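**Q** Here it is, the structure, as structure tokens.
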Amino acid sequence: MTTTRLAALGRDEPPLLPLAQRLLAVAESGLPSMLLPGGEAFVFTLSGRQTPGGSWTLERRGISTRYAAITVLGARFLPEDRQHAVLGGHTAQEFTGLLVESLPAVTNLGDAALIAWAAAETEHPKLSDALARVDALDEEDRPQYTVEAAWVLSALAAARGTVDVERRFSAARDRLLRARIGDSPLFPHATGPGLVPWYRSHVSCFADQTYPLQALARAHASDDRGGDPEALAASEACAARICGLQGDGGQWWWHYDARTGGVVEGYPVYSVHQHAMAPTALFDLTDAGGSDFGAAIRKGLRWMTDVPELAAGHEESMIREELGVTWRKVYRGDPKKAVRAARGLGTRLAPNLRLKSLDRVYRPLSVDRECRPYEFGWMLHAWQGGRI
């Protein structure tokens, strides 16, 4: 079945449709190798290493509850037989049940919120248990990381039609809206002081933008009393700003100044932002009644094969079908993320300081050869989801 999102891509820029279909095929072929033995948990990452003879080996590393939940959020859009293939023989609802059963040991708010979100979307009968765990971990009046606060709101928005969550929903919505600094359209890294050192409290990342704009759009769409114009406007303003800052090669930049709405440091450029996270958030905003950001989505997707950073003697494909992976990012290779640190501290003191000489010293030519399950989970969510 072709979703309206893929159909629109084929209509608006036909050469990109095969690319999206190619990436979706890689996601489905790659996810089974990211399952741990037993098929009930996903790894944190697959790390690729090339042997002297030119062949590749992939090493499973760690385990991630949040990546498993994100994978479920994407896999739920697949037909049931294909859900079985990527989720170790389980349907999305069945795998959500495994995650819900693990909740007593979950201590991270973001992990719990993603499980609750998956439980709401798959109509799991223990949704109330999942929401209770979120409530227990989300202490009132305590600042949270913005990404995790956004996931809480998305979970509650998804649950609104099934469970009475109005008090918690209103608090989560207001927390995100209050987090912004002055009249900046961008979101900070945390919803309040205390979690981030003072010298980088103004620096926020791309995820700090996409997850809140997605959550606020979903909050608007979940309101059956005429919507939530304030939430929609905040989502729209954030989306317009990051799209306005998008790189000439379609790059979604990584670090922003939450006070001014400018870019602090562009690199790394992450594949997941290009093919999955930006499309997921911007599509959800459009579906909620917001503007059409399709041109920016297509421009970002195109980066996956037209990578300007890897041109002129540095060519390397970010998509490796034979391995079932997309390489994670293009980055500078600077020791201890020196460029980010210098620009973070510099913009703290002088918001418009760019230190352009660093671009000549540390060029973004390195490829991080690893791949994580959530990259494919959001890929499935972005292109298989939406209104059909």
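**Q** Can you say whether Gly247 is surrounded by fewer than 18 Cβ atoms within 10 Å (Cβ to Cβ) and over 21 Å from the mean Cα position of the chain (by Cα), as far as the supplied structure shows?
**A** no
**Q** Go through the stretch 14-28 residue by residue and tally those that are of a type in the set (Lys, Arg) and open to solvent by less than 10 Å² (accessible area, probe 1.4 Å).
**A** Number satisfying all stated conditions: 0.
**Q** Let me ask something additional. Residues in the stretch 33-48: is at least one in contact with a helix residue (DSSP H, G or I) (Cβ under 9 Å, 6 or more places away or on another chain) and at positive phi?
**A** So far as the stretch 33-48 goes, yes, one or more of its residues are in contact with a helix residue (DSSP H, G or I) (Cβ under 9 Å, 6 or more places away or on another chain) and at positive phi.
**Q** Please indicate, with yes or no, whether at least one residue in the stretch 320-334 is out of contact with any Leu (no Cβ under 7 Å at 6 or more places or on another chain), open to solvent by 70 Å² or more (accessible area, probe 1.4 Å) and either at pLDDT 95 or above or closer than 24 Å to Ala25 by Cα (or both).
**A** yes
**Q** Search the stretch 54-72 for residues that are acidic (Asp, Glu) and pair each with any residue that is crowded, with 20+ Cβ neighbours inside 10 Å when their beta-carbon atoms are under 8 Å apart and the residues are at least 6 apart or on different chains.
**A** From residues that are acidic (Asp, Glu), the pairs are Glu59/Leu46.
**Q** Kindly indicate whether Arg167 is over 21 Å from Val106 (Cβ atoms), outside any loop (DSSP other than H, G, I, E, B) and more than 20 Å from the chain's Cα centre (by Cα).
**A** In short, yes.
**Q** Ok, one more. Kindly indicate whether Glu123 is buried (at least 20 other Cβ atoms within 10 Å of the Cβ) and within 30 Å of Glu94 (Cα to Cα).
**A** So Glu123 does not fit the description; no.
**Q** Going by the structure shown, is Asp257 buried (at least 21 other Cβ atoms within 10 Å of the Cβ), farther than 30 Å from Arg22 by Cβ and touching a residue at least 60 places away in the same chain (Cβ under 8 Å)?
**A** In short, yes.
**Q** Hey, another quick one. Criterion first (open to solvent by 60 Å² or more (accessible area, probe 1.4 Å) and of a type outside the set (Ser, Thr, Tyr)) does Ala105 satisfy it?
**A** Yes.
**Q** Another question about this same structure. Out of the residues in the stretch 179-232 meeting the condition of being among the acidic types (Asp, Glu) and closer than 17 Å to Ser154 by Cα, tell me which one is least open to solvent (accessible area, probe 1.4 Å).
**A** Filtering the stretch 179-232 for residues that are among the acidic types (Asp, Glu) and closer than 17 Å to Ser154 by Cα, the one least open to solvent (accessible area, probe 1.4 Å) comes out as Asp208.
The values are calculated or read from the model by the stated rules, or taken from the named source; none is laboratory data. Here the structure is a predicted model, which means the values were calculated and not measured. Every residue, glycine as well, gets a Cβ built from its backbone with ideal geometry; the counts of neighbours run over all protein chains shown. Surface areas here come from the heavy atoms of the whole protein model, side chains and all, with no ligands, DNA or RNA. Shrake-Rupley method; radii C 1.70, N 1.55, O 1.52, S 1.80 Å.
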